[in-house]
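The values are calculated or read from the model by the stated rules, or taken from the named source; none is laboratory data. Computed from a prediction, not measured in an experiment: that's the story for all the values here. Every residue, glycine among them, receives a Cβ derived from its backbone with ideal geometry; neighbour counts consider all protein chains shown. With ligands, DNA and RNA removed, areas are computed over all heavy atoms of the protein, side chains included. Shrake-Rupley method; radii C 1.70, N 1.55, O 1.52, S 1.80 Å.
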Amino acid sequence: MTNSESNFVRIIREICEEEQISLQSYSFDWIFELQKHGKVRYILGYQFGLNTASVNSICCDKAAASEIMTAHGIPNIEHRLFASPGEQKFVGKTGCWSSLIRFLEEKGTLVVKPNDGTGGDRVFKVSSAYELETAVHTIYERSGYIAASPFYDIENEYRTIMLDGDARLVYVKRRPHLTGDGVSTVAELIVRHLTEQESISTSDVTIPGRADRIPAKGEQILLGWKHNLGLGARAELLEDGPLKKDIETIVAEVARCLGVRFASIDIAETGEGLKVLEINSGVMMENFAGQDAKSREIAKSIYRDAIRLMFE
Ligand SMILES: Nc1ncnc2c1ncn2[C@@H]1O[C@H](COP(=O)(O)OP(=O)(O)O)[C@@H](O)[C@H]1O
Ligand SMILES: [Mg+2]
């Protein structure tokens, strides 16, 4: 699919037409220039210009966002920054191996990822010095900095879309899973799953336990530990209730402390309670909007309000 065929691009075009905003597109629809009543505004990628440049940079920097949230008492999954040798001139050339190894020994299992990554790309779960070394080398090949966190067994991950402090959308990301039929082996279920889901590549699938085991009818087998929709997880709207209230409270705190106006905020449900996992200042609802007509309508109404705010 080209960018121009994406749900996002179609939705932005529809909104501009409906709101009498003239639209000029550049760079394969990755840049939009919007004009109304003599005012000019830009959308670049998924950035709507509602956040200041420094706030955007903090959100894109997992370790910086974590440090600030901790300082403000917002529960979050700690992300510690480690610089590659090439970048250490900016942080004092202290070396980072010994502290990384100590962090691993202290926590048992870590998750390491590019500090500015997205989409679950090069996010590794490591439990030994060898796995850590392999992951870190892979990340440093293309990124100057890694963020390391303790691994949490995340029961559910929630995505919220926040506009001016309000959680306008809260959904739970269901990890890709198989359902046993009482007859097929795990291997047979996986082959069937992969055949049906063209978008998932085999490298994203972790085979749980023995492949020749026959799961019971109705048994659910998780196919990975990451909650990225782009890797096959599905979004389900979260119903009103105490959990949603708690999430909305955290989201409002993030908005207040960081001064962020438009963002998607991911919150993980861990054994230690709800914790913010990451803040994305670019608001991407591509996979969500593509799920069904209702989801598309929700995404469109949020983008419409963001665009209206751009002109206020
Ligand atoms: N510390 C952690 N413990 C457990 N799972 C994690 C941890 N960090 C990331 N994950 C899993 O990996 C996925 C991708 O990590 P994330 O920090 O959101 O990076 P990205 O920006 O690439 O999406 C998350 O959705 C979550 O399922
Ligand atoms: Mg993520």
For this session: Sort out which residues of the stretch 81-108 are open to solvent by 30 Å² or more (accessible area, probe 1.4 Å), in a loop (DSSP other than H, G, I, E, B) and touching a residue at least 40 places away in the same chain (Cβ under 8 Å), and write them in order of number.
Result: GLY108
Problem set entry | Looking only at the stretch 275-294, and only at residues there that are open to solvent by 10 Å² or more (accessible area, probe 1.4 Å) and away from ligand 2 (no atom under 16 Å from the Cβ), the one that is farthest from TYR152 (Cα to Cα) | ALA293
Problem set entry | Cβ-Cβ under 7 Å pairs, at least 6 apart or on other chains, the stretch 136-156 side over 18 Å from SER98 (Cα atoms) and within 16 Å of ligand 2 (Cβ to nearest atom), far side among the β-branched types (Val, Ile, Thr) and assigned to a loop (DSSP other than H, G, I, E, B) | PHE151/THR109; TYR152/ILE77
Seminar exercise, completed: Every listed condition ((1) in a loop (DSSP other than H, G, I, E, B); (2) open to solvent by 30 Å² or more (accessible area, probe 1.4 Å); (3) at pLDDT 85 or above) holds for THR249 save (1)
Problem set entry | Among (1) surrounded by 15 or more Cβ atoms within 10 Å (Cβ to Cβ); (2) of a type in the set (Val, Ile, Thr); (3) in the same structural domain as PRO215 (by TED's automatic domain parsing) - the single one THR160 does not satisfy | (3)
Exercise. Which residues, taken from the stretch 21-37, are touching a residue at least 60 places away in the same chain (Cβ under 8 Å) and more than 12 Å from ILE307 (Cα to Cα)?
Worked result: HIS37
